[in-house]
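Q: The structure follows.
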Amino acid sequence: MLPIAIQDLAEKFRNFPGIGVRSSQKLALDVLQMKKVDFEALKKSLEETRQKVRFCHICGFFAQNKQEENFICDICQNNLRHNWQICLVEKPTDILSMEKSQIYRGKYHVLQKLISPLDNIFPQNTNLESLIEKRINNFIQTTFKSSSNESKKPLELILFFKAGFSGEATTAYIKETINQKGWQKYVLISRLAQGLPLYFNPETLDQATMVKALEDRKEI
Ligand SMILES: [Zn+2]
């Protein structure tokens with residue numbers, strides 16, 4: 001019934017998670033009926049966002065830099081946030097869920113994918129190497145292998161993965177790697193899943209649940 005161009009546009013919106021047939025059609029019609037000036041602004045904003053935002057080269061969260069290179073996000077740049085806590089998440093948007101707690105003051109590392117051998121996702125297909133070889137290694141070198149007398153606090157890795165096999169496989173791999181490298185005394189691993197609903201999804205957790213999950217985190 002609707003012209004093909006509108007149906008095509010609706011189809012594009014359907015690619016977004018959580019958008020069904022009706023919502024996609026409504027969005028397409030809304031876009032079509034926008035004032036020209038608003039439409040141009042939307043178009044410009046879409047293009048600029050794609051151009052200016054990249055993944056932070058330290059943690060993998062979204063970053064927008066003034067210069068064209070060295071994209072570092074606001075969280076990594078914030079010196080008030082602790083370097084001795086790194087929360088591991090699967091997707092950059094999971095950071096927004098953790099930030100809902102408003103009590104977490106550490107940093108993050110986005111793995112992009114969780115290990116899942118059945119889906120052909122192995123450690124080298126994730127961002128684990130940059131975490132282990134760069135961030136954790138650097139932390140140990142600068143904190144424990146230097147002669148400074150500053151308090152030597154271990155690094156705490158807080159695992160915030162969705163429940164399920166891939167989260168378990170990733171957790172097991174991280175723990176095993178830390179042990180193999182003999183880093184147990186430098187690195188504590190805790191997980192946040194305690195107190196969370198059995199099949200939770202990081203995106204749907206509210207603030208109270210996040211605070212409780214963070215406060216009740218257990219060392220593993
Ligand atoms: Zn970052």
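Q: Using helices alone, I'd like the mean residue ellipticity at 222 nm for the chain: each DSSP H run of four-plus residues gives -39500 (n - 2.57), total over residue count, nearest 500.
A: On the way: 8 runs with 83 residues, N = 220.
The per-residue figure over the chain is -11000 deg cm²/dmol.
Q: Turning to a different aspect of this structure: Within straight cross-link reach of K218, meaning Cα distance under 18 Å, which aspartates and glutamates are found once same-chain residues fewer than 8 apart are removed?
A: Within the straight-line cut-off, K218 pairs with E156, E168, E176.
Q: Taking amide hydrogens as modeled 1.01 Å from N in the peptide plane, which residues meet the under 5 Å criterion relative to S116, leaving out close sequence neighbours?
A: I121, F122
Q: Return a single number: how many Lys pairs in region 1-151, at a sequence separation of 8 or more or on separate chains, have alpha-carbon atoms below 20 angstrom apart.
A: So the count of such lysine pairs works out to 21.
Q: Does the chain classify as rounded, prolate or oblate by the C-alpha gyration tensor (a ≥ b ≥ c root eigenvalues; a/c under 1.5 gives rounded; else a/b over b/c gives prolate, otherwise oblate)? Mind showing how you got there, number by number?
A: Values: a/c = 2.30, a/b = 1.79, b/c = 1.28.
It comes out prolate by the Cα gyration axes.
Q: I'd like the Karplus ³J(HN,Hα) series for region 124-135: coefficients 6.51, -1.76, 1.60, θ = phi - 60°, whole numbers in Hz, and an x wherever there's a Gly or Pro.
A: Listing the rounded values in order: 5, 8, 10, 8, 5, 5, 5, 5, 6, 6, 9, 5 Hz.
Q: Just grab the label-to-label distance for Q102 and N125, each label 7 Å out from Cα along the Cβ direction, in nm (one decimal).
A: Roughly 4.0 nm, to one decimal.
Q: In degrees between 0 and 90, to the nearest 10, how far off the longest principal axis of the chain does helix 165-180 point, with axes built from Cα atoms?
A: Between the helix axis and the principal axis of the chain, the angle is about 30 degrees.
Q: Pick from L27, L111, L159: which residue has the top mean-square fluctuation in a GNM of the chain where Cα pairs under 10 Å get a spring?
A: The residue with the greatest mean-square fluctuation here is L27.
Q: If you take every DSSP beta bridge whose two residues both sit in the chain, what share of them, in percent to the nearest 5, is antiparallel? It would help to have the intermediate numbers written out before the result.
A: Working: 6 of 20 bridges.
Percentage antiparallel, nearest 5: 30.
Q: Then there is this: Does region 18-63 classify as rounded, prolate or oblate by the C-alpha gyration tensor (a ≥ b ≥ c root eigenvalues; a/c under 1.5 gives rounded; else a/b over b/c gives prolate, otherwise oblate)?
A: Since a/c reaches 1.5 but b/c is at least a/b, the shape of region 18-63 is classed as oblate.
Q: Could you tell me the relative contact order of region 63-190? Use alpha-carbon pairs under 8 Å, at least six residues apart, and round to a whole percent.
A: Here the relative contact order equals 25 percent.
Q: Relative to the first principal axis of the alpha-carbon coordinates of the chain, what is the inclination of helix 21-32, with its axis defined by its Cα atoms, in degrees from 0 to 90 and to the nearest 10?
A: Result, in degrees: 70.
Q: Normalising by the residue count of region 99-171, find the relative contact order in percent from Cα pairs under 8 Å and 6+ residues apart.
A: 33
Q: Please list, ordered by chain and number, the residues whose modelled amide H lies under 5 Å from the amide H of F62; skip anything fewer than 5 residues away on the same chain.
A: Hits under the 5 Å cutoff: C56.
Q: Please list, by residue number, every one of the GluC sites (Glu not before Pro) in region 1-106 that is coil in DSSP and has at most 11 other beta-carbon atoms within 10 Å. Write down the numbers at each step before the final one.
A: On the way: sites: E11, E40, E47, E48, E68, E69, E90, E99; in loops: E68, E69, E90.
For GluC sites (Glu not before Pro) across region 1-106 that sit outside H, G, I, E and B with at most 11 neighbouring Cβ atoms in 10 Å, the list reads E68, E69.
Q: Right, here's the next one. Return the long-range amide H neighbours of A163 (sequence gap of 5 or more, or a different chain), with a cut-off of under 5 Å between placed amide H atoms.
A: Result for A163 returns F200.
Q: Relative contact order for the chain using alpha-carbon pairs under 8 Å, separation at least 6, rounded to a whole percent? If you can, show how the numbers build up before the last one.
A: Values: 288 pairs, mean separation 34.6, N = 220.
16 percent.
Q: On C-alpha positions alone, give me the angle between the axis of helix 36-52 and the longest principal axis of the chain, in degrees, nearest 10.
A: 30
Q: Kindly write out, for region 91-108 in residue order, the coupling ³J(HN,Hα) from the Karplus curve 6.51 cos²θ - 1.76 cosθ + 1.60 (θ = phi - 60°), rounded to whole Hz, with x marking Gly and Pro.
A: After applying 6.51 cos²θ - 1.76 cosθ + 1.60, I find 10, x, 5, 5, 4, 5, 5, 5, 5, 4, 4, 6, 10, 7, 10, x, 10, 9 Hz.
Read the figures in this text as sums done on the coordinates, not as results from a lab. Since we're looking at a predicted model, the values are computed, not measured. Cβ: placed from backbone, ideal geometry, glycine included. Neighbour counts: every protein chain shown.
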